[in-house]
Amino acid sequence: MSKVRVRFAPSPTGPLHLGGVRTALYDYLFAKNQGGDFVLRIEDTDTARYVEGAEDYIMEALQWCGIVPDESPKHGGKYGPYRQSERRGIYDRHLKEILKTDYAYLAFDTPEELDEIRKEFELSGEVFAYNYLTRTRLKNSLTLSPQEVQQLIDDKVPYVVRFKMPVDRVLNLEDIIRGKFSVNTNTLDDKVLVKNDGMPTYHFANIIDDHEMEISHVIRGEEWLPSLGLHYLLYEAMGWQRPQFAHLSLILKPEGKGKLSKRDGDKFGFPVFPLNFKDPETGHVSKGYREDGYLPEAFINMVALLGWSPANDREILSLEEMVAEFDLNKVHKAGARFNKEKAEWFNHEYLKLKSDEQILHLLQQVRDLDLEGQSDEKLLKVISLMKERATFVKDIYNEGRFFFEKPAVYDEKAVKKAWNDAAVENMSALANHLESMSAFDPDSIRAAVHEFAEQRGLGMGMVMMPLRLALVGELKGPDVPDILNILGKEESLSRIRNAVDNI
Ligand code: GLU
């Protein structure tokens, strides 16, 4: 068998969304699982929909995810160029070939003429399609004489090239995920293959490139399934062997109904893009997973499981493990519902797998956190204590802010619950008790606080609650002896005495 070669072929019409990332990931996983190549091809023939910066965004997003192409506009390769806009000569060559067959014809109808006909159809309650029925009465090389056609070409009258859909043929199609199905050609229209500026449309350029780049498997979104019949016939027309196809189901909204759309991020409060994207026209910034604080390993693991079940219901898999396990036969036919809580769960699990030193490094990279003047030693202690309960790296700082700043205010409810005259008296005595300690490690602190409570005949709550309030400013946080230990003796005593004086 020839080498497995899989391509991801995005159009630079905007940022990649979750569905696009998943397609790229499955393309990559399948290619690597089969010992094959993963190719990135930029499909930029539709200049009207081109968005500035989109290609760079796609490259950067794939890189962040760790999905590295073997061949791409950036990485090069022997099947290049990898941007369709740079392959015009190749398409021209194949256009000549298909025009020699009975599968293509020239159509000279102007957009205005087609609009007219469309309106006529609408008036009689029908929908116009350029197809086996209507082409016999339109202005094209099937209805005009060869001389008339030549005259129009000589007169530089613009034309498009259309595919001549065969009449009443049943096409037997096959999809790796969906199995076999058939479609009658009478339900398909005569798609434009080459536009009047000479640029190929998606369909024509796509099959030419897949052939020229020796692509063995096309794995793409389900929105391309209706084009599969046309693509089969294009391969037939060109006399080429076609690749195998797999169409991936949609990613659905959290409630399970309808496709997750680009606007759903703003609506439901989670990113639908891997990285932040600033719309060059409106300036609107859409949130990305990276900027939201997701670890790329967690993100990619979450995306992989939107529509694929690894063996034994395993959930946490590294990219290498996913490559080893990936199987298109285990990709779901039904749509995959997006689940924000699950996405967060993945991040939490991956965070727990990191060493304290790794997290420290990540924490120091989080923007807008005021870590200046904090020693690595103290930060490591805070990380070790807080990481179990954190979803994101930044949570460690946000949830443990009291380690770095004295309480500026004391939570009102907490004060009502934990503070009274007895607390004032107990806390000032406790401060003296702690001051006399020589060691200040968590165990000694725990013992000292117990001893203090016992001597005074107090329940532990009577000591711990006001103590926590004095240290944290509210009744939350990890174990109080651990907080005392990290704050250190001097800072702890100052906070306790400050509370005694000020609450
Ligand atoms: N350029 C197409 C897209 O953006 C590629 C479809 C395909 O993979 O065939 O979705």
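Read-outs: derived from the displayed coordinates by stated rules, not from any lab. All figures in this text were calculated on a predicted structure; none of them were measured in a lab. With ideal geometry, Cβ positions are generated from the backbone for all residues, glycine too; neighbour counts draw on all protein chains shown.
Tabulated values for the structure
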quantity: Equivalent ellipsoid semi-axes, the chain, via Cα gyration tensor eigenvalues times 5, rooted, Å; calculated: 66, 22, 19
quantity: Interchain or long-range residues, amide H under 5 Å from F273's placed H; calculated: Y289
quantity: Phi-based couplings in Hz for the stretch 260-272 (Karplus 6.51, -1.76, 1.60; Gly and Pro marked x); calculated: 5, 9, 4, 7, 5, x, 5, 6, 9, x, 9, x, 10
quantity: Sequence-distant residues sharing a close amide H with T110 (under 5 Å, placed H); calculated: none
quantity: Computed over the stretch 1-116, Kirkwood Rh from alpha-carbon pairs, angstrom; calculated: 16.3
quantity: By average C-beta atoms within 10 angstrom, highest first, the peptides 178-186, 297-305, 90-98; calculated: 297-305, 90-98, 178-186
quantity: Note, ³J(HN,Hα) from phi for the stretch 427-438, Karplus 6.51, -1.76, 1.60, rounded to Hz, x at Gly and Pro; calculated: 5, 6, 5, 4, 4, 5, 4, 5, 4, 7, 6, 8
quantity: Convex hull volume per residue in cubic angstrom - Cα atoms of the stretch 105-179; calculated: 147
quantity: Packing rank of 455-465, 348-358, 213-223, where each peptide gets the mean count of other beta carbons within 10 Å, highest leading; calculated: 213-223, 348-358, 455-465
quantity: Helix 228-238 vs. the chain, principal-axis angle (Cα, 0 to 90°, nearest 10); calculated: 50
quantity: Cut-off 12 Å between beta-carbons: net charge of the residues surrounding M302, Lys and Arg +1, Asp and Glu -1; calculated: -2
quantity: Segment V51-V167, length gained on full extension (0.36 nm per residue, minus Cα span); calculated: 37.9 nm
quantity: Exceeding the 28 Å Cα-Cα cut-off - candidates K119/K164; K267/K354; K354/K416; calculated: K267/K354; K354/K416
quantity: Principal axes of the stretch 111-261: Cα extent on each, largest first, Å; calculated: 53, 41, 30
quantity: Under Karplus coefficients 6.51, -1.76 and 1.60, residue-wise ³J(HN,Hα) of the stretch 49-59 in Hz, glycine/proline x; calculated: 9, 5, 10, 4, x, 5, 5, 4, 4, 4, 4
quantity: Reachable aspartates and glutamates, given that their alpha-carbon falls under 18 Å from the alpha-carbon of K3 and they are not under 8 places away in the same chain; calculated: D27, D37, D70, E71, D209, D210, E212, E214, D327
quantity: Helix-only CD estimate at 222 nm, as mean residue ellipticity for the chain, using -39500 (n - 2.57) per DSSP H run (n ≥ 4); calculated: -13000 deg cm²/dmol
quantity: Within the chain: Cβ-based charge dipole about Cα centre, in debye rounded to nearest 20 (Lys, Arg +1; Asp, Glu -1); calculated: 940
quantity: Burial order of peptide ranges 8-14, 472-478 (average beta-carbon count within 10 Å, highest first); calculated: 8-14, 472-478
quantity: In degrees, nearest ten, helix 376-386 long axis to first principal axis of the chain (Cα); calculated: 80
